[in-house]
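The values are calculated or read from the model by the stated rules, or taken from the named source; none is laboratory data. Remember, it's a predicted structure, so these values are computed and weren't measured experimentally. Using ideal geometry, Cβ is built from the backbone for each residue, glycine included, and neighbour counts are taken over all protein chains shown.
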Amino acid sequence: MFVKQISVFMENKKGRLARLTEVLAHNEINLIALSIADTAEYGIMRAIVNDTDKAKAVLHDNGFAATTTEVLAVEVPDTTGGLSDVLCMLNEADISVEYLYSFVRTAGIKALILFKVNKSAEAVECFAKHNIRLLSKKEVNAL
């Protein structure tokens, strides 16, 4: 139910993201989901890849600072207010969302959102209580 995500801290300068993706491609690491947040000087790329441990190693070998984190892959109803309902559930359970990003969407049915929360075990219980489905790493990789 937990999905391992890689986070890469990098300088926000021309060609750096191209180099990062080149390193991954050269090592047959597939980007499955991706989010990039930046400031004027630095950025953080968060990604789900087919082989997180290999990605971390090859990125380190090529001068990138990379870490791994566990996130939750959550099926959210793809309706107006679907995400709001899930966020309210977490809020009522006293669980804070540190960040999230959208992954895939089946229009009118489900959207897959990747969540990083402050209380992962409690979030899993909250989702189960409300019949919100979590996907495994294997299921995420198959999408």
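Please go through region 3-29 and pick out each residue that is of a type in the set (A, V, I, L, M, F, W, C) and over 20 Å from Thr68 (Cβ atoms). Write out each step before concluding.
Of the residues in region 3-29, the ones of a type in the set (A, V, I, L, M, F, W, C) are 3, 6, 8-10, 17-18, 20, 23-25, 29.
Across region 3-29, the qualifying residue is only Ala18.
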Matching residues, region 31-48, being in a loop (DSSP other than H, G, I, E, B) and either at pLDDT 95 or above or hydroxyl-bearing (Ser, Thr, Tyr) (or both)
Thr39
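How many of the residues in region 49-72 are among the basic types (Lys, Arg) and either more than 10 Å from Val8 (Cα to Cα) or assigned to a strand (DSSP E or B) (or both)?
Of all residues in region 49-72, those among the basic types (Lys, Arg) come to 54, 56.
Next, only the ones that are either more than 10 Å from Val8 (Cα to Cα) or assigned to a strand (DSSP E or B) (or both) stay: 54.
Selection size over region 49-72: 1.
For Val76, are the conditions met, namely being crowded, with 17+ Cβ neighbours inside 10 Å, within 15 Å of the chain's Cα centre (by Cα) and within 30 Å of His130 (Cα to Cα)? Walk me through it before giving the result.
Working: crowded, with 17+ Cβ neighbours inside 10 Å: yes; within 15 Å of the chain's Cα centre (by Cα): yes; within 30 Å of His130 (Cα to Cα): yes.
When the stated conditions are applied, Val76 passes them.
Results for (1) crowded, with 18+ Cβ neighbours inside 10 Å; (2) at pLDDT 95 or above, shown as yes or no for each residue.
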| site | (1), (2) |
| --- | --- |
| Val97 | no, yes |
| Val104 | no, no |
| Leu112 | yes, no |
| Glu125 | no, yes |
| Ala128 | no, yes |
| Leu135 | yes, no |
| Lys138 | no, no |
| Leu143 | no, no |
Return only the number of the condition from (1) in contact with a Leu (Cβ under 9 Å, 6 or more places away or on another chain); (2) under 23 Å from Arg16 (Cβ atoms) that Leu112 does not satisfy.
(2)
With criteria (1) surrounded by 13 or more Cβ atoms within 10 Å (Cβ to Cβ); (2) more than 19 Å from Leu114 (Cβ to Cβ), Asn50 comes up short on (2)
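Can you pull out the residues in region 75-85 that are in contact with a strand residue (DSSP E or B) (Cβ under 8 Å, 6 or more places away or on another chain) and either assigned by TED's automatic domain parsing to the domain that holds Asn27 or farther than 14 Å from Tyr101 by Cβ (or both)?
Narrowing region 75-85 to residues in contact with a strand residue (DSSP E or B) (Cβ under 8 Å, 6 or more places away or on another chain): 75-78, 82-83, 85.
Answer for region 75-85, where residues must be in contact with a strand residue (DSSP E or B) (Cβ under 8 Å, 6 or more places away or on another chain) and either assigned by TED's automatic domain parsing to the domain that holds Asn27 or farther than 14 Å from Tyr101 by Cβ (or both): Glu75, Pro77, Asp78, Gly82, Asp85.
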Over region 19-33, the set of residues free of Cβ contacts under 8 Å to residues at least 60 places away in the same chain and surrounded by 12 or more Cβ atoms within 10 Å (Cβ to Cβ) is Arg19, Leu20, Thr21, Glu22, Val23, Leu24, Asn27, Ile29, Asn30, Leu31
Expected single match for among the acidic types (Asp, Glu), closer than 30 Å to Val23 by Cβ, not assigned by TED's automatic domain parsing to the domain that holds Asn12 and not in a strand (DSSP E or B) among Glu98, Glu125, Glu139 is Glu139
